[in-house]
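Following: one structure in structure tokens, then a few remarks.
The values are calculated or read from the model by the stated rules, or taken from the named source; none is laboratory data. Keep in mind the model is a prediction, meaning the values are calculated, not measured. We place every Cβ from the backbone using ideal geometry, glycine too, and count neighbours over all the protein chains shown.
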Amino acid sequence: MHKLAHEYFVNEDARKSVLEMLGKNKLDEYAIEAEAMRIVAPELEKFDRLLASYEWRLNKALRLLAELRGGFGRHLRASVDRVIDGKVLAVEDKSKKSPTTSA
């Protein structure tokens, strides 16, 4: 049976023979596709769940990046606005401070 299944795809005479057998049972070549889908359906379902999981994680990572980027952008904008408005605290330069005398 496996040989015939293989021959269906590589040998035109075998293909005609299989189609004749299917026709006797009122089936066509779509029955082969349907059976192939039935056989691999469990693997396709696993693959689909795995793909959905990867898509969910990708979307989560993209949302987090957007939040971080937005938060960073807001923080940077606020910092720039404080500098422009002159609301930045002066930092004392300790190197210019006079040394204290010890007793």
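Looking at Asp81, Asp85, Asp93 in this structure, which one is among the acidic types (Asp, Glu) and either at pLDDT below 75 or touching a strand residue (DSSP E or B) at 6+ places or on another chain (Cβ under 6 Å) (or both)? Break it down stepwise before answering.
Numbers: Asp81 fails: either at pLDDT below 75 or touching a strand residue (DSSP E or B) at 6+ places or on another chain (Cβ under 6 Å) (or both); Asp85 fails: either at pLDDT below 75 or touching a strand residue (DSSP E or B) at 6+ places or on another chain (Cβ under 6 Å) (or both).
Answer to the check: Asp93.
Ser53 satisfies every condition listed in (1) among the polar types (S, T, N, Q); (2) over 18 Å from the mean Cα position of the chain (by Cα); (3) surrounded by 10 or more Cβ atoms within 10 Å (Cβ to Cβ); (4) modelled with pLDDT of 90 or more except (2).
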